[in-house]
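A short write-up of the structure that comes next.
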There are 4 protein chains.
Amino acid sequence: MSIAVIYGGTRPNGNTELLTDQAIQALEVEKVYLKDFNILPIEDHRHSESGFPDVNDDYNSIIDLILPHDILIFATPIYWYSMSGTMKNFIDRWSQTLRDSKYPHFKMTMASKKAYVIAVGGDNPYIKGLPMIQQFQHIFDFMGTSFEGYIIGKGSKPGDIKTDTAAFSAAKQLQNKLKGTL
Amino acid sequence: MSIAVIYGGTRPNGNTELLTDQAIQALEVEKVYLKDFNILPIEDHRHSESGFPDVNDDYNSIIDLILPHDILIFATPIYWYSMSGTMKNFIDRWSQTLRDSKYPHFKMTMASKKAYVIAVGGDNPYIKGLPMIQQFQHIFDFMGTSFEGYIIGKGSKPGDIKTDTAAFSAAKQLQNKLKGTL
Amino acid sequence: MSIAVIYGGTRPNGNTELLTDQAIQALEVEKVYLKDFNILPIEDHRHSESGFPDVNDDYNSIIDLILPHDILIFATPIYWYSMSGTMKNFIDRWSQTLRDSKYPHFKMTMASKKAYVIAVGGDNPYIKGLPMIQQFQHIFDFMGTSFEGYIIGKGSKPGDIKTDTAAFSAAKQLQNKLKGTL
Amino acid sequence: MSIAVIYGGTRPNGNTELLTDQAIQALEVEKVYLKDFNILPIEDHRHSESGFPDVNDDYNSIIDLILPHDILIFATPIYWYSMSGTMKNFIDRWSQTLRDSKYPHFKMTMASKKAYVIAVGGDNPYIKGLPMIQQFQHIFDFMGTSFEGYIIGKGSKPGDIKTDTAAFSAAKQLQNKLKGTL
């Protein structure tokens, strides 16, 4: 079993990353920082006769990075009560990969994975972040991915998250669980 | 009173646009197609000493287009159970505008507006689109914008939406309401 | 095809009932007013060795009234952002019926039905009523019942609902749809 | 500071109670088991000329038990994806107390309190229990009560909850927090 973390944040060592660090401490993980990749928004060609044209960006290289792993951790700051636009653009593009002959087993592969979400927000994230959690459930349901758990933390200024002992305790629990499965 | 429609879709004459057409029929509106603009993802510098650096893209020109209007209609296809990544990137950038000395009254101006959401999705949008509606409420609450209503339609293939008579009827109702306020 | 309406309200001719009247106008329906029945709260004996004891109240007679019908409309005022306690107690008791040898086909029968929800609330029901709609979806998913649609109306004082033209228009649409299926 | 726990379950030593035990261990709390009281469903007389008639049941005695306390813990099993009908009936009756001259300061008193929710369900409660959490937020927002946190646990058969180490860890965290405030 191996783990990839997909970071949606735009700040180095942001609160979401700090909280995730606790969950993956001492574990070997593939870290994917979406902000370091060029990801174009999807253009919806699901119903175009010629299908999706090739896109000249880094998206496929991210897919190549995560597909080999059994466990995916989506680590995103909560921007405006949802995942970052960067992470949303990444997920939107799955619609293309689902129809991409270069990835004939994309859905089946994703369906074999376990997923976690770690998210940190500043404005009552324990409540206002819940629609995002529901959306991740819908996303994983569609792909057949097993949504194994989520942690919501509260933080706004850099380092804020360190005072969220409940979130850190949950991350520690997750670390134990991940260790047990590796 | 004047109206701007902010389109988040990527397909010309997509289902969301067709449904929105019914709502704005015979009304004068400013149409803003986000796909025609270059909108970079936000980089979170809320807590950087030097603040947000200027960004070289088209984002500000969109803000300039919509700020003069009293009513904003956010028209987005439902991609992966939420607004399109393009629209999300647009909204994420508001965090920058809120701190931009070129827009000192951004929040106050947004707080004077009324907002509507029109969204079309393919996978049980009447239920699976609800978290997105809740997120728009949180967004508008933060800005002080009055969330006046939303219409969810069902459609996937081009033109599908035309068979959603309930959504079209709701759009017709909205048209009457908008006419009454102009 | 035949229709039963299950009313959760406690006020004669309440707003929910008025809105529902529009949806079922000129249709033959079985009207079940839960307030006219004595429904005891469930006592959870799912895991008792002896199972659920018989309960001396009117609950089973309601089940007998609704089971013959193909379409169930759950018409409830929104009390405290959810269905009325009366309707909740009614649904809670399904856990007992699912294990009741007098109703060996309860789940299978419910799974063959179509369901609608009509709900009226006073405090921004279009948004604050959405968690309740999601709960109904979960309930119907569990039973296998097809959740065909919902209408949310706004009203507090008696008759208020009459000014919610959008809700009435949606009820009229539903009426047409119901007519078409009978 | 003092604490009251309001139990919505119907099973002695049910999973919700076991999880709550961890949160309140070694703390002095007032325990209120709703199942031991007769609580009639509300009859909506908010708009009757003569107002709400007196109701001959135990509801007021529950209000008298909880009002003196600073912290209220709502501990409910998740029945059909929401609080138990018993707890719902209890909360529905608040509409009456808000207009009851015997409790002229009901809302103001509730607005001074802090609230927690502890809930255990069997069917993916971490996701399917979220609409209930949102409803509690709406309820507390209306009353002005501060919603300080919630714990969702998974369990169905008696004692199941003991295997939910993440929930127990969260309950332990809550216990520490409660201790700190007493």
For region B:1-107, what size does the Cα cloud have along each of its three principal axes, sorted from largest down, in whole Å? 47, 34, 21
With a bin width of 5 angstrom, please list the P(r) values of region B:75-182 as percents of all Cα-Cα pairs, from the 0 bin to the one holding the largest distance. 2, 11, 19, 21, 19, 14, 9, 4, 1, 0
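Can you give the calculated 222 nm mean residue ellipticity of the protein assembly as shown, where each DSSP H run of n ≥ 4 adds -39,500 (n - 2.57) and the sum is split over every residue, rounded to the nearest 500 deg cm²/dmol? Display every interim value, and only then the final one.
Values: 32 runs with 284 residues, N = 728.
Counting only the DSSP helices, I get -11000 deg cm²/dmol.
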So how strong a dipole does the protein assembly as shown carry about its Cα centre when Lys and Arg Cβ are +1 and Asp and Glu Cβ are -1, to the nearest 20 debye? 0 debye
Treating the beta-carbon of each Lys and Arg as +1 and of each Asp and Glu as -1, no other charges, what is the dipole magnitude of chain B about its Cα centre, to the nearest 20 debye? 580 debye
In percent, how large is the relative contact order of chain A, given Cα pairs closer than 8 Å and 6 or more residues apart? 29 percent
Please give every one of the aspartates and glutamates within straight-line cross-link reach of B:Lys154, meaning a C-alpha to C-alpha distance under 20 Å, and leave out same-chain neighbours fewer than 8 residues apart. A:Glu43, A:Asp44, A:Asp92, A:Asp141, B:Glu17, B:Asp21, B:Asp123, B:Asp164, C:Asp141, C:Glu148
Ranked by Cβ crowding within 10 angstrom, fewest neighbours first, how are B:His45, B:His69, D:His105 ordered? D:His105, B:His45, B:His69
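DSSP beta bridges in the protein assembly as shown, what fraction antiparallel, as a percent rounded to 5? Can you show the working numbers first?
On the way: 4 of 104 bridges.
Close to 5 percent.
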Tell me, what is the percent relative contact order of region D:79-149, built from C-alpha pairs under 8 Å that lie six or more residues apart? 44 percent
Can you compute log10 of I(q)/I(0) for the protein assembly as shown with the Debye formula, treating each Cα as one identical point scatterer, at q = 0.09, 0.10, 0.12 Å⁻¹? -0.85, -1.06, -1.53
For region C:2-41, Rg(Cα) over 2.2 N^0.38 Å is 1.21
Say the dipole of region A:45-182 comes from +1 at the beta carbon of Lys and Arg and -1 at that of Asp and Glu; which of A:Leu130, A:Ile62, A:His45 then lies farthest toward its positive end? A:Leu130
Listed by chain and number, the lysines with an alpha carbon less than 16 angstrom from that of A:Lys88, same-chain partners under 8 positions apart left out, are A:Lys35, B:Lys35, B:Lys88
Give the Kirkwood hydrodynamic radius (Å, one decimal) of chain B, defined as one over the mean of 1/r across all pairs of different Cα atoms. 16.7 Å
Among the complete DSSP H segments of chain D, which ones combine at least 15 Å of alpha-carbon extent along their axis with a mean Kyte-Doolittle hydropathy of -0.5 or more? D:130-143, D:165-181
Regarding region D:32-93, what's the average projected area of the Cα-atom convex hull, expressed in nm²? 5.2 nm²
In nm, give the distance between the simple-model label positions of D:Arg46 and C:Arg46, each being 7 Å from the Cα along the Cα-to-Cβ direction. 3.2 nm
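Say the cut-off is 29 Å between C-alpha atoms; which of A:Lys179/C:Lys107; A:Lys114/B:Lys107; A:Lys107/D:Lys162; A:Lys177/D:Lys177 go over it?
Working: A:Lys179/C:Lys107 41 Å; A:Lys114/B:Lys107 40 Å; A:Lys107/D:Lys162 35 Å; A:Lys177/D:Lys177 24 Å.
Beyond 29 Å between Cα atoms: A:Lys179/C:Lys107; A:Lys114/B:Lys107; A:Lys107/D:Lys162.
Mind checking the dipole of region B:38-97: about its Cα centre, +1 per Lys or Arg Cβ, -1 per Asp or Glu Cβ, Debye to the nearest 20? Show your work: numbers first, answer last.
Working: 3 positive and 9 negative charges, 52 e Å.
Roughly 240 debye, rounded to the nearest 20.
So for region D:120-173, what percent of the C-alpha to C-alpha distances run longer than 14 Å?
Values: 823 of 1431 pairs.
Taking all Cα-Cα pairs of region D:120-173, the fraction more than 14 Å apart is 58 percent.
Bear in mind that the values in this text are calculations on the coordinates, not laboratory data. Keep in mind that this is a model prediction, so the values were computed, not measured. Note that each Cβ is placed from the backbone with ideal geometry, even for glycine, and that neighbours are counted across all protein chains shown.
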